[in-house]
Structure formats: structure tokens, C-alpha cells
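Since every read-out is calculated from the coordinates, none of them should be taken as a lab result. Owing to the predicted nature of the structure, the values given are computational and were not obtained by experimental measurement. So basically every Cβ, Gly included, is an ideal-geometry build from the backbone, and we count neighbours across all protein chains shown.
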Amino acid sequence: MKFPLAVMCMALFSGNLFAETINNSTVTFDHQPILTTQLAATPPMGWSSWNYYGDRINEKVIIDTIDKMVSTGLRDAGYIYVNIDDGWQKYKGSRVDNPLAIDENKFPKGIKYLADYAHKKGMKLGIYSGPGNMTCAGYTGSEGHEKEDAALFASWGVDHLKYDSCCSHQQASQAVLKTAFGNMSEALKATGRPVVYHACHCGWQNIWQWGAKVGANQWRIGQDISDDFNYPGHREDYYFDVLDMIDRGVGLEQYSGKGHWNDYDMLIIGLHGHSKELVGTGASDTEYRTHFSMWSILSSPLLIGANLDNLTAEDLATLTNKEIIALNQDPLGLQAKRVVSNGDLQIFAKPLADGSWAVALLNRSSQTAIMSLNIQQDLDLPWKKMLVRDIGAKRDMGAFEQRYSTEVQSHEAKMLVIRSGW
Ligand code: GAL
């Protein structure tokens, strides 16, 4: 069955489970029911303190980051959330013995001051807590205090909450987790403030299957990222590198969509092996570009994790490539599928709202390769000709019949937008 785009969009918004033909291709994109919320209608974009600073954060870091996001053009490129991760709390230890309070040595003017500051600059502020009585870094969590904490966050004018389960709920059953995450979701809704809700559960207990049902707008699909493109195995038997994370998301496409996104974890671009918190030795400019391009086409939230002072001109160019960001923020809200897996040479693709397709030719090998996209074979598109634009290079490549071949460097993802030539 072929559906014109308008019909397909209606299906998207009607909330029905569907597996239809998109943009004339029979590559299917099945979907979970769509939430009615307008929150996070496209993947959230912004910055988070954890990947570089860990819990060594303070007011100056947040203010400087907001200012820098404005002056570098990051805000105007779409990065509007500034998310304070773990370590803003005053007390370490269980919530049973300690209240939730702001560490006034780190944040003397409080969190509301920062939210107001962010809002004045046209940005939004995020905060962090968790469903356990302790957070992952050992600070007081929200267990048993969901309503009171949600009300507190809302009174500060917070716009995003990362609610992280790791310490006390790693082994918990789905039923327990659904209640724990659901309680905070309900508490946030009760405040009446639109707060984007990140149910952070490191990809355990198939959270993608039930995250949207408990009101989450995003959920991590894997454990923490390390500052590596391709580390053999998992660093410290725990961390995922860029390629691990990409592999982890294959098959999870149907769970991601408007208002509820598979989260591939925060970006490592600009860390260059110098994070105060993350393990990893850094990646090359090509590898960071590939990481960014893949997170974009896979519709992951895009949260910069670096100290913005350390961004090179190349990092900034990667992070602000408008045509790559447009794949991430496309109104159709689909996560690309892996349509070709020929060893280290893989192709990911997804339809875009305007009838074109986004394509990533990913060369995971250590050598340059010639890669080919065949529109009939790989995407099942009936087009006689395709117009190809290389959006990484920002160049129109011309019209091609059936096949487009190009050289792809080691660890490069060649990013294309193709449209019908006839
Ligand atoms: C981890 C989480 C990190 C960071 C950290 C804070 O569980 O994956 O992204 O939030 O906790 O302690």
C-alpha cells in the first residue's frame, strides 16, 4: 500500500500504530502511539554539565556557558537547553537522612536565578535528580518526595528534568521502574509547568518499550558514552563508544518519535580526551563529525558535553552545520534505519518531511572505501533519477540514475540528502 505524504502525516498524529509506506518506499517505519504533548516535538538540543565537569560545577560555569552559547551562535543554531547534571545538591547520602537543598557554595544565588538568566537570554534551564534515595554521584535523590521536588523545580522555572535511576534501581523490575518514573512524571504534570522529562535508565529493562507510556520525552538507550569512536570492547566493562551506541539503536527505530526520543547520550565533540569526568582518549575531527552526523540522522537529543572554551573552530563548525541539524529537527521525527549492512560499510536512511531522504554512508573500517547508494535496491524508491546533495560538504553533486557512488574516508559518514529527479 502506498500512502501520499499528507495521509502518512495524518496517521502520525492520529496516534495509531502503523507500518505504512513512506515517501513511496516500502522501507517501513513502525510507530508507537504518539503522545499528545507538544513538549520535545523535535529532539531537545542544548548542553549538559556532566561529560566535562562531572559534579565540579558552579554558578560561574553555568552563567559562562549560557553567555558562550549566545556569543558562539550555538543558541541560534538551536541549542537552547542548559542542563545542570548531578552535583548541584548540598548533601551527599540518603534522602532518608538529608533534605534536598542547593549547595550554596557552588550556587550562591540559587537555581531560580540561573533559570531567570537563561530565560532572559532566550534559553531554558535543566536540572537533575533521580528516583532513588541517592543519585548516581551519591547526592540526595527524590524517592518518596516526588510531588514536593517537582513543585520545587517548577517554582525555580526549570524546563527540563533528567531523572536518573542508576544507583538504586539498576536491577529493578519493569513494574517497579514504571511506578518510580511514572510518579515523577505525574508530579511534574501536576505543577502545570511544561518540563521536558528525561527518564534516564541507561538502556536497561527495555525502557524504549515503556518510556513514552510513563510520560518520558527521552530515555537513554545505553550506558554512559566514553570519549572514544571505537574502543575495543567496552572500557571498564561499562562504557559505550560511538559505534557501540549506533549499534545499540538498530532495531529501536519504532520507539522514537515526536515527543519521545531514543537518547544516544550526550555528545563528546570537543572533549578531545580532556574531560574531568569521562574516560576515553578523544577522537579525530572526522570521527567527531561522524558522531554528530549519526546522532542527527538517528534523531537523538543533541546535548553538547564539552567545556565550550575548549571547542576548536572545527568542533564549532561541526556542531553548527545547519543542514546536518535539520535532519535531527525534521518535523517528521523519524529515526534512520540501517538499510545496508555490508560488514564495516553501512547505510542508514530516513524520509524527511519535504519528500526527500536523508542518507548516511558510514565507513567503519580503517581504510578509505568507495560506497554506493542504489535507490531501488537499498531504499526501494521508484525514482528514475535522484538529485544528490552532499550536506557535509554543502555541495550539490548533480543528478544520478539509480546509483550514486562516492569515496568515503575511514570512520567518515558521508551525509546526503536525495530527492526525486523526475
Ligand atoms: C550517570 C549518568 C550520567 C550522569 C551521572 C551523574 O548514571 O549516566 O549521564 O548523569 O549519572 O551522576
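Length gained on full extension, Gln409 to Glu314: 32.5 nm, using 0.36 nm per residue less the C-alpha separation. Per-residue extension of 0.36 nm, minus the Cα-Cα distance of Thr281 and Trp422, leaves a gain of 46.0 nm for this segment. Computing FRET efficiency as 1/(1 + (r/R0)^6) for Ser366 and Ser173, where r is the C-beta to C-beta distance and R0 is 35 Å, gives about 0.25. Note on Asn342 and Asp116: the extension gain reaches 76.3 nm, defined as 0.36 nm multiplied by sequence separation minus the Cα-Cα distance.
Mean sequence separation of contacting Cα pairs (under 8 Å, at least six apart), scaled by the length of the chain, corresponds to a relative contact order of 14 percent.
Neighbours of Lys414, meaning other residues whose beta-carbon lies under 10 angstrom from its beta-carbon, give a summed charge of -3 when Lys and Arg score +1 and Asp and Glu score -1. Local charge for Thr191 was computed over the other residues whose Cβ lies under 15 Å away, with Lys and Arg +1 and Asp and Glu -1, and equals -1. With the charge dipole of the chain set up from +1 on Lys and Arg Cβ and -1 on Asp and Glu Cβ about the Cα centre, the Cα lying farthest toward the positive end among the listed residues Trp219, Gly54, Leu188 is that of Leu188. For Lys414, a cut-off of 23 angstrom between C-alpha atoms picks up these lysines, skipping any fewer than 8 places away in its own chain: Lys322, Lys337, Lys350, Lys384, Lys385, Lys394. Cross-link reach is defined here as a Cα-Cα straight distance under 19 Å, omitting same-chain residues fewer than 8 places apart; for Lys106 the aspartates and glutamates meeting it are Asp55, Glu59, Asp64, Asp67, Asp85, Asp86, Asp116, Glu277. Computing Rg and the Kirkwood Rh from the Cα coordinates of the chain gives a ratio, Rg/Rh, of 0.97. Here the spin labels are modelled as points 7 Å beyond Cα on the Cα-Cβ line, and at Gln38 and Glu323 they lie 3.2 nm apart. Between Arg56 and Asp380, the FRET efficiency estimated from the beta carbon spacing at R0 = 45 angstrom works out to 0.35. Straight-line cross-link reach from Lys178 at under 18 Å between alpha-carbon atoms covers these lysines, not counting any fewer than eight positions away in the same chain: Lys147, Lys162, Lys189, Lys213. Each of the peptides 123-133, 387-397, 316-326 was scored by the mean count of other Cβ atoms within 10 Å over its residues; in descending order, highest first, they stand as 123-133, 316-326, 387-397.
Taking every DSSP beta bridge that has both ends in the chain, the antiparallel portion is near 65%.
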